[in-house]
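The block underneath contains the structure these notes are about, expressed in structure tokens.
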Amino acid sequence: MAITEFLPKEYGYVVLVLVFYCFLNLWMGAQVGRARKRYNVQFPTLYAIESENKDAKLFNCVQRGHQNSLEMMPMYFILMILGGLKHPCICTGLGLLYNISRFFYFKGYSTGDPMKRLTIGKYGFLGLLGLMICTISFGVTLIRG
């Protein structure tokens, strides 16, 4: 028996939204690579030091925008994967909200003004909250059998 026999057909949307996030993450990583060249921050330096590089804050904001997205990725993925088992359409919508807001979070952060990350980027937290509720619902359903 194939695993697809146990999954709702709409679960494919959940999978595609997760792959979309992977592409977004690769794009953010490429932006960090460009910022390394633009602001002269060589590997393996993770963050530039302001006393050594006049553009340190600009580079660090690009780096931090990507790093924060990486830090949130495991939680986002597990909530999408599990919550989507019971609520694939709702999780797809919430995942798209999260992905789009993550793009704006990164773009805002990359300006060098960290507060700009929250202009549209703050809505990603609503997406995560919704995904948590869907995952809790799935867990309760499992417990009740």
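The values are calculated or read from the model by the stated rules, or taken from the named source; none is laboratory data. Note that the coordinates shown come from a computational prediction; the quantities given were computed from them, not determined experimentally. FYI the Cβ positions are ideal-geometry reconstructions off the backbone, even for glycines, and counts take in every protein chain you see.
In table form, for the structure just shown:
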item	result
Condition check for M80: within 27 Å of S137 (Cβ to Cβ), in a helix (DSSP H, G or I), touching a helix residue (DSSP H, G or I) at 6+ places or on another chain (Cβ under 8 Å) and free of Cβ contacts under 8 Å to residues at least 60 places away in the same chain	no
Residue within segment 50-63 that is polar (S, T, N, Q), more than 19 Å from K122 (Cα to Cα), loosely packed, with under 12 Cβ neighbours inside 10 Å and out of contact with any Lys or Arg (no Cβ under 6 Å at 6 or more places or on another chain) present	yes
Near pairs, Cβ below 6 angstrom, 6+ apart or cross-chain, from segment 102-121 (in contact (Cβ under 8 Å) with a residue 12 or more places away in the chain) to any residue that is surrounded by fewer than 20 Cβ atoms within 10 Å (Cβ to Cβ) and in a loop (DSSP other than H, G, I, E, B)	F104/I120; G108/T119
Failed item, numbered, when G12 is tested on (1) surrounded by fewer than 13 Cβ atoms within 10 Å (Cβ to Cβ); (2) part of a helix (DSSP H, G or I)	(1)
Which listed residue is crowded, with 16+ Cβ neighbours inside 10 Å and under 15 Å from L128 (Cβ atoms), from Y76, Y39	Y76
Pairs with Cβ under 9 Å, 6+ apart, first in segment 5-16 and at pLDDT below 95, second exposed (fewer than 14 other Cβ atoms within 10 Å of the Cβ)	P8/C89
Exclusive hit being within 17 Å of L16 (Cβ to Cβ) and assigned to a helix (DSSP H, G or I), set L94, L70	L94
Pairs with Cβ under 8 Å, 6+ apart, first in segment 33-54 and in contact (Cβ under 8 Å) with a residue 24 or more places away in the chain, second surrounded by 11 or more Cβ atoms within 10 Å (Cβ to Cβ) and not small (G, A, S)	A35/V41; A35/L58; A35/F59; A35/V62; A35/Q63
Out of N60, N25, sole residue that is part of a helix (DSSP H, G or I) and within 11 Å of the chain's Cα centre (by Cα)	N25
